[in-house]
Ligand SMILES: C[S@@+](CC[C@H](N)C(=O)[O-])C[C@H]1O[C@@H](n2cnc3c(N)ncnc32)[C@H](O)[C@@H]1O
């Protein structure tokens, strides 16, 4: 059903964007901004890259509001068109896929990402809004790989990680020479018909070491924003 043309979404900084009929405002983006707010307020404005910005560039908008120069990278052309037309701050929109794009070296003071991180159920569903390969880890890996080159010397990567990927993220970051600086913990709400609950069976099979006890009953999933900074690359 088309969205009412007067419907809007409220961005974290108070500005509004028209609702796009194809996408509601994802709660995880808002949770991300709330979790990093105290940290963000301590950072001097610089250049930020939001990878997988979606239809509303929510995370990027929290930086834009504080005077950061914002680049929004998103592979979905529809979402990029919506951003180009309606993002209420000055920004650069890149309709690119993080797997194939080239990001300038030592350019961004901060990279943020709420990546797609659900595992695909079948070969033909490998890359979707929320899906990133058969393990769900593929986009995360590309984001972490990009960060070491693209961050300035003091730059930081802030990435949202579902609990079942946490160990792999820490290992991947270490391999790339990124240092774990902080971890902001939160609980993600899983809607009853949401992707997480529908994929629980498969996730349980994939991530045997993760403690799933609370997830289905309480409809929450331990989630963290992980803050990484540059260090020496181990395999350099
Ligand atoms: C979980 S949504 C996050 C949207 C928004 N940043 C937020 O926090 O609400 C993940 C976004 O990543 C995008 N995405 C998925 N795979 C991508 C890729 N390979 N390169 C760039 N963006 C990708 C999806 O289209 C989707 O908009």
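The values are calculated or read from the model by the stated rules, or taken from the named source; none is laboratory data. Just so it is clear, the model here is predicted, and its values are computed rather than measured. Note that we place each Cβ from the backbone using ideal geometry, even for glycine, and neighbour counts take in every protein chain shown.
Some points to look at:
- When 35, 23, 62 are checked against the criterion of being touching a strand residue (DSSP E or B) at 6+ places or on another chain (Cβ under 7 Å) and crowded, with 16+ Cβ neighbours inside 10 Å, 35 stands alone in meeting it.
- Applying the condition of being part of a helix (DSSP H, G or I) and over 16 Å from residue 117 (Cβ atoms) to region 148-174 and asking which residue is farthest from the ligand (Cβ to nearest atom) yields 174.
- Of the residues making up region 95-113, those that are in contact (Cβ under 8 Å) with a residue 24 or more places away in the chain and either away from the ligand (no atom under 15 Å from the Cβ) or more than 17 Å from residue 47 (Cα to Cα) (or both) are 98, 99, 101, 104, 105, 106, 107, 108, 109.
- Apart from one condition, residue 40 fits all of (1) out of contact with any strand residue (DSSP E or B) (no Cβ under 8 Å at 6 or more places or on another chain); (2) more than 9 Å from the ligand (Cβ to nearest atom); (3) in a loop (DSSP other than H, G, I, E, B); the exception is (3).
- Total residues in region 59-94, condition within 11 Å of the ligand (Cβ to nearest atom) and not in a helix (DSSP H, G or I): 6
- Candidate set from region 114-141 (those that are near the ligand (Cβ under 10 Å from one of its atoms) and touching a helix residue (DSSP H, G or I) at 6+ places or on another chain (Cβ under 7 Å)); member that is farthest from residue 188 (Cα to Cα): 132
- Boolean, residue 49 is surrounded by 13 or more Cβ atoms within 10 Å (Cβ to Cβ), more than 19 Å from residue 90 (Cα to Cα) and within 16 Å of the ligand (Cβ to nearest atom): no
- Residue 123 farther than 27 Å from residue 200 by Cβ and either surrounded by fewer than 22 Cβ atoms within 10 Å (Cβ to Cβ) or in contact (Cβ under 8 Å) with a residue 24 or more places away in the chain (or both): no
Yes/no matrix, rows are residues, columns are (1) modelled with pLDDT of 95 or more; (2) surrounded by 24 or more Cβ atoms within 10 Å (Cβ to Cβ):
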{"site": "53", "(1), (2)": "yes, yes"}
{"site": "69", "(1), (2)": "yes, no"}
{"site": "86", "(1), (2)": "yes, no"}
{"site": "94", "(1), (2)": "yes, no"}
{"site": "132", "(1), (2)": "no, yes"}
{"site": "142", "(1), (2)": "yes, no"}
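- Breaking point among (1) modelled with pLDDT of 95 or more; (2) closer than 21 Å to residue 58 by Cβ, for residue 107: (2)
- Remark: residue 30 matches the filter, which requires a residue to be in a helix (DSSP H, G or I), modelled with pLDDT under 95, within 12 Å of the ligand (Cβ to nearest atom) and farther than 19 Å from residue 154 by Cβ.
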